[in-house]
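> Pasting in a structure now, in structure tokens, and then I'll have a few things to ask.
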Amino acid sequence: MHTAAAGFLLPGLLLFGGTLPPSPAAGVSLAGGLTGNSTPAPDAPDEDADEEGGQDNAVQEGDAQVETLQESLPETADETAQIEVDASAAVVVGVTWESPADDGEELEVEIRTRIDGQWGPWEEMHFADSGPDPDSEEHRTARPATEAYNVSGAEAVEIREAGSSPGDIAGEVTVSQTEITETDRAVTEGTGLNALIQDGLVAEAEGVDALTVNAPRIITRAGWGANESLRRCDPDISSQAPLGVTIHHTAGSNTYTEAAVPGILRGILNHHTQGNGWCDVGYNFLVDRFGNVYEGRSGGINEPVIGAHAGGFNARTVGVSVLGTFTSSAPPVAARNAVARIAAWKADQFGMNPTGQVTITSNGSTRYPSGQEVRLPTIFGHRDVSTTECPGNAFYPQLGSIRTTAAQILQDERYPVVGAIRNYLNANAQARAKLGAPVEAERRLPDGGAVQTFEGGSVHWTQATGAYGTWGGIRNRWRDLSWERGPLGYPTSNERCGLKDGGCVQDFQGGSIHWKQGVGAHPTWGGIRNKWRDVGWENSNLGYPVRAEICGLRGNGCYQRFEGGDIHWSPSTGAHPTWGGIRTAWGSQGYEGGRLGYPTSDEYVRDGRTWQDFQGGRISWRSGQGTQIHYN
């Protein structure tokens, strides 16, 4: 076994690319003849960049910096690089090759860790099938590399070549180690939250560009101790809004502590910039297993920053990665909910539909050639656009629930349903099914009432009536009558169906609306409605109304037509129905405009004949004899 048993437990606070404290020897002596030199990675930014207008170092004075150790990877499988690390620190391991990023040769490396004196099984260190878009300047300096592999909690790591390196150039192992600080514990636990917010270490909802959906509490780059001098270029802000959200996982242990996460992110920053050769962290946001959200790539959490997380699709997506490997088990609920919260926030910010689909044109990925239009869910996995297992076989099936959760957050917070309207919906399954999701926030009406519109209708409320929903044909008819401002006022009941011939009815302050297939929805109110009620509603000879009440008749009268007849009303006679032969005879002499005038009674039976009285006489009817008009 070719090992590198370096005593990699440096006590100092070292900045990657900075000066190491004195060591027992210029090169740390390693078993088997390998030499480990804690030196800057190639192309590390100049430490004096700040003085020349470069990036500011966001790491707070006294906080831990990243210690690094680089070793050449043995080129044969029977040799390994073994490095001891601090089990109490946050540790990230990666392998890079000095070869063009589009080399195309397969990279195979395996890793195992020693915990409590026991070596675990060998696991593949997956090649980072992500990175900058091929047409970007950032891609020009990118190098082939493995994912940044989290080994926090381990005592030692061992790495071996499991396949051929690109060309004849051996890979280089970089271990990034950083101690866990009190600031790390404070930002992850939220201790002294107000002070953290004031110091810019944490961004609360009110500190970000949230329209109506609350953003998650975000631990900023300053909060997790990003060394801004490691950034290799300025962030690239897209001129176009994102179309989708790409979901990832990182690599390595799933058993890290909450306080270790800021240090793990410092290691990922180290690997992505100094190993992969990228400008910055590839992901826009990261989420830990506890549900904490972290700012990833710089440029602003509110901006459409172009990442390096899904090569070929970066420019129109937001990259969100959960820390861990999710091949056999999914991330905890807290992490999945945090991902959904980010997706909902970005969907609200950029007008995306979490449960919808989008078409994105590839800039060239390992799955889709440049120029190909790809139809994708708005929230999709990295594997949907690249030849990778990311975000893991156990995580990928959870994306459906993340989409629906994000949509629910968007619905609940963009258009919250509260108070009496919420109580009404909670108590009425029929109304929930008919109305669907809200499409606007609750609005106050001039008379003190309130309304909220939904996909399938609306709910109106007043203190006097309570809350009731309207939908379908009845709601459309009420709308035509000017809603609550019209003669019906507010609804006072739910829609009730199951009436004669499959009809439905809904009551309002000023009357009701009945509906029947083939007849439509029509209102009744006042004296005409009362008379229709007295004769038996739709179960009477009149049946359902076929039009609304019409007024302006002789003597300020009104009438309403029904399936089986009419009801006429006047101030002096009240409301009375007519149907059948008597109505036909009355109509033949001009209805209320004729000599008989308005009816003054309903039909009645006397001496074997059916009679009805009018202002100017009577009409009688007998079976087999027909009708007779009797004028006064």
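> Expressed as a rounded percentage, what relative contact order does the chain have, with Cα pairs under 8 Å and six or more residues apart? Please report the intermediate quantities before stating the final value.
Numbers: 1499 pairs, mean separation 54.7, N = 632.
Result for the chain is 9 percent.
> Report the label-to-label distance for ASN556 and THR387 in nanometres (one decimal), using points 7 Å from each Cα along the Cα→Cβ vector.
8.8 nm
> By how many nm would the segment from GLN509 to ASP78 grow when fully extended, if each residue of separation counts as 0.36 nm and the alpha-carbon distance is taken off?
Fully extending the segment from GLN509 to ASP78 adds 146.4 nm.
> Hey, quick one: spin label on ALA241, modelled 7 Å out along Cα-Cβ, who in segment 390-411 has an amide N within reach, i.e. under 19 Å?
Within reach of a label on ALA241, which here means backbone N under 19 Å from a point 7 Å along Cα→Cβ, segment 390-411 contributes 406-411.
> Another question, if that's okay. Amide H to amide H, which residues 5 or more places from ILE180 or on other chains are under 5 Å from it, using H placed in the peptide plane?
Amide H to amide H, under 5 Å and 5 or more residues apart or across chains, ILE180 pairs with ALA90.
> Which Cys residues of the chain have no other Cys Cβ less than 4.7 Å away and so no disulfide-compatible partner by this rule?
If one checks each Cβ against the other cysteines of the chain, CYS390 turn up with nothing under 4.7 Å.
> Moving on. Hey, what do the phi angles of segment 311-328 turn into as Karplus ³J(HN,Hα) couplings, whole Hz, using 6.51/-1.76/1.60 and θ = phi - 60°, x for Gly and Pro?
Going residue by residue, I get x, x, 9, 5, 5, 10, 9, 10, x, 10, 10, 9, 5, x, 10, 10, 7, 10 Hz, with x marking Gly and Pro.
> Let me ask another. Taking all protein chains in place and a 1.4 Å probe, what share, in percent, of the accessible surface of the chain do carbon and sulfur account for?
Its accessible area is 46 percent carbon and sulfur atoms.
> Please state the relative contact order of segment 429-549 as a whole percent: Cα pairs under 8 Å, 6+ residues apart?
Details: 213 pairs, mean separation 17.5, N = 121.
Over segment 429-549, the number comes to 14 percent.
> To the nearest Å, what is the center-to-center distance of segment 264-286 and segment 548-586, using C-alpha atoms only?
With segment 264-286 and segment 548-586 each reduced to a Cα centre, they are spaced 82 Å.
> If you take percent of Cα pairs over 40 Å apart from the coordinates, which of [x] 48; [y] 40; [z] 63 do you get?
Answer by label: [x].
> I need the helices of the chain that pass two filters: whole DSSP H segments spanning 20 Å or more by Cα along the axis, and mean Kyte-Doolittle score no lower than -1.0.
Values: long enough: 333-350 (25 Å, 0.22); 399-414 (22 Å, -0.34).
Long hydrophobic helices here: 333-350, 399-414.
> Still on this structure, please answer the following. Per residue of the chain, what 222 nm ellipticity follows from adding -39500 (n - 2.57) for every DSSP H run with n ≥ 4, rounded to the nearest 500?
Numbers: 12 runs with 110 residues, N = 632.
It lands at -5000 deg cm²/dmol.
> Moving to a separate point now. Rounded to the nearest 0.05, what FRET efficiency do GLU124 and SER401 have when you use their Cβ-Cβ distance and R0 = 30 Å?
Efficiency at R0 = 30 Å is approximately 0.60.
> Name the shape class, rounded, prolate or oblate, that the alpha-carbon gyration tensor gives for segment 366-455, where a ≥ b ≥ c are the square roots of its eigenvalues, rounded holds for a/c under 1.5, and otherwise prolate holds if a/b is larger than b/c and oblate otherwise.
It comes out prolate by the Cα gyration axes.
> I've got another one for you. Excluding SER328 itself, calculate the net charge of residues whose Cβ lies under 15 Å from the Cβ of SER328, where each Lys or Arg counts +1 and each Asp or Glu counts -1.
Working: positive: ARG289; negative: GLU123, GLU124, GLU389.
Local charge sum for SER328: -2.
> I would also like to ask the following. Using amide H atoms built in the peptide plane, which far-off residues or other-chain residues are under 5 Å from ARG367 H to H?
THR387
> May I ask you to compute the full-extension gain from ALA464 to ARG606, defined as 0.36 nm times their residue separation minus their alpha-carbon distance, rounded to one decimal in nm?
46.4 nm
> Any idea how far apart GLN198 and ASN494 come out in nm if each label point goes 7 Å out from Cα toward Cβ?
5.2 nm
> Subtract the Cα-Cα distance of HIS630 and ALA429 from 0.36 nm times their separation in residues, and report this length gain in nm to one decimal.
Contour length minus the Cα-Cα distance gives 66.6 nm.
> For a quick protection proxy, order the peptides 257-266, 614-623 by their average other-Cβ count within 10 Å, most packed first.
Ranking, from highest mean packing down: 257-266, 614-623.
> If the reach is capped at under 27 angstrom between alpha carbons, list the lysines near LYS531, excluding any in the same chain fewer than eight residues apart.
Cross-link targets: LYS500, LYS516.
The values are calculated or read from the model by the stated rules, or taken from the named source; none is laboratory data. Everything numeric in this text was worked out from a predicted model, so none of it was measured. Positions of Cβ are generated from backbone atoms using ideal geometry, with glycine treated the same way; all protein chains shown enter the neighbour counts. Note: areas computed on protein heavy atoms with side chains; ligands, DNA, RNA excluded. Shrake-Rupley method; radii C 1.70, N 1.55, O 1.52, S 1.80 Å.
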